[in-house]
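> Input: one structure, supplied below.
The values are calculated or read from the model by the stated rules, or taken from the named source; none is laboratory data. Just so it is clear, the structure is predicted and the values come from calculations on it, not from any experiment. Neighbour counts run over all protein chains shown; Cβ positions are idealised from the backbone, glycine included.
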Amino acid sequence: MDLSQIKLVATDMDGTLLNSKGEVSRHFFELFEELNNLGVTFVAASGRQYYSIIDKLKPIKDDIYVIAENGALTMRQNEELQTTEIDRETYLELLDITKTLEGSQVILCGRKKGYIEDYGQDFVNMFSEFYDRYEIVDDLAQVTNDKYLKIAVCNQKGSEKYLYPALKHLENRLKVKVSGEIWLDLSHNLANKGHALQQLQHNYKISPEETMVFGDYNNDLEMMTTAKYSFAMQNAHPNVKAVANYTTKSNNENGVEYILQKMIDAKKTSVL
């Protein structure tokens, strides 16, 4: 691997940059300063809400790009670079379908905030880890003053077994993504991390050979194909390991930081 040519690094958050406690390591922030000094562009790419991502990366939020809601929104500082939203007709159709899924909770991921109906305090406590701004409403169908970026569906028994079979028939026209053990996301067909990252690559004339990405779950699959240096975490879903060109240590072993240090060392060596 010649990591000295890397100009763009994109990483998923949960299960990748964040440890199992939802924390970013102090070492990452130290490495970021070195990346910044070396002119490497950093992108946080997550299924999380934009405001949740920048809360996790608060010390560097003004120096990074953020791909949020699985690619439906790209931001730089407070500037909205792109949104890929669902139209209202499709949104209402999806609500009708998802509300029939027994034992599941439905979240509207809007541009301004996340919206849920009253699913009880235990759900709110869990949900608020991923949504920094949210509102509890009487009826999700009545939300009209926001953009519909994504519908997230939660099932504590498991998304791959209890949600995906009931929703996979929508794949011919929408993105249906098992994005975590208990999460499944529905969004516009072009709303994925790979498409959003390719737009940044195009805008800044950065090639796949100059790009490094990290991920762990199925919503990272498209992003894996945008980079020569694609890394699956040791804890990654088998689908991601099958597509990625490389693997690294788990998120609890600072697998992202491990590779970033190697890249920084390679860049420093190349200029000696």
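> From the list Ile67, Ile54, Ile60, which residue is assigned by TED's automatic domain parsing to the domain that holds Asn254, modelled with pLDDT of 95 or more and within 15 Å of Lys150 (Cβ to Cβ)?
Numbers: Ile54 fails: within 15 Å of Lys150 (Cβ to Cβ); Ile60 fails: within 15 Å of Lys150 (Cβ to Cβ).
Every option except Ile67 fails the conditions.
> Restricting segment 128-151 to residues that are of a type in the set (Val, Ile, Thr) and surrounded by 14 or more Cβ atoms within 10 Å (Cβ to Cβ), which is farthest from Ile97 (Cα to Cα)?
First pass over segment 128-151, keeping only residues of a type in the set (Val, Ile, Thr): 136-137, 143-144, 151.
Cutting the leftovers down to surrounded by 14 or more Cβ atoms within 10 Å (Cβ to Cβ) gives us 137, 143, 151.
Details: Val137: 19, Val143: 17, Ile151: 11 Å.
Restricting to residues being of a type in the set (Val, Ile, Thr) and surrounded by 14 or more Cβ atoms within 10 Å (Cβ to Cβ), the top hit is Val137.
> Return yes when Leu170 is at pLDDT 95 or above, within 18 Å of the chain's Cα centre (by Cα) and surrounded by fewer than 22 Cβ atoms within 10 Å (Cβ to Cβ) and no when it is not. Working first, answer last.
Working: at pLDDT 95 or above: yes; within 18 Å of the chain's Cα centre (by Cα): no; surrounded by fewer than 22 Cβ atoms within 10 Å (Cβ to Cβ): yes.
So Leu170 fails the test.
Rundown of residues vs (1) closer than 15 Å to Gly71 by Cβ; (2) out of contact with any Lys or Arg (no Cβ under 9 Å at 6 or more places or on another chain); (3) among the hydrophobic types (A, V, I, L, M, F, W, C), yes/no style:
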{"residue": "Tyr162", "(1), (2), (3)": "no, yes, no"}
{"residue": "Glu171", "(1), (2), (3)": "no, yes, no"}
{"residue": "Val176", "(1), (2), (3)": "yes, no, yes"}
{"residue": "Ser187", "(1), (2), (3)": "yes, no, no"}
{"residue": "His202", "(1), (2), (3)": "yes, yes, no"}
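> A further question on this structure: I need the helices (runs of 4 or more DSSP H) fully contained in segment 182-257, keeping only those with at least 3 residues that are crowded, with 18+ Cβ neighbours inside 10 Å.
Details: elements: 193-203, 221-224, 238-243.
Those helices (runs of 4 or more DSSP H) span 193-203, 221-224.
> If Asn189 satisfies every condition in (1) touching a residue at least 40 places away in the same chain (Cβ under 8 Å); (2) within 22 Å of Glu85 (Cβ to Cβ) but one, which is the exception?
That leaves (1) as the condition not met.
> Suppose the filter is touching a helix residue (DSSP H, G or I) at 6+ places or on another chain (Cβ under 9 Å), in contact (Cβ under 8 Å) with a residue 60 or more places away in the chain and buried (at least 17 other Cβ atoms within 10 Å of the Cβ); does Ile107 pass it?
Values: touching a helix residue (DSSP H, G or I) at 6+ places or on another chain (Cβ under 9 Å): yes; in contact (Cβ under 8 Å) with a residue 60 or more places away in the chain: no; buried (at least 17 other Cβ atoms within 10 Å of the Cβ): yes.
Taking the combined requirement at face value, the residue does not satisfy it.
Every residue, every condition in (1) in a helix (DSSP H, G or I); (2) surrounded by 15 or more Cβ atoms within 10 Å (Cβ to Cβ), yes or no:
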position	(1), (2)
Gly22	no, no
Glu33	yes, no
Gly39	no, no
Val43	no, yes
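> Among the listed residues Asp96, Asp63, Asp87, which satisfies the condition of being surrounded by fewer than 16 Cβ atoms within 10 Å (Cβ to Cβ), of a type outside the set (A, V, I, L, M, F, W, C) and out of contact with any strand residue (DSSP E or B) (no Cβ under 8 Å at 6 or more places or on another chain)? Talk me through it step by step, then tell me what you get.
Values: Asp63 fails: out of contact with any strand residue (DSSP E or B) (no Cβ under 8 Å at 6 or more places or on another chain); Asp87 fails: out of contact with any strand residue (DSSP E or B) (no Cβ under 8 Å at 6 or more places or on another chain).
Criteria check complete, one pass: Asp96.
> Determine whether segment 180-191 contains at least one residue that is modelled with pLDDT under 95 and among the hydroxyl-bearing types (Ser, Thr, Tyr).
No, segment 180-191 has no match at all.
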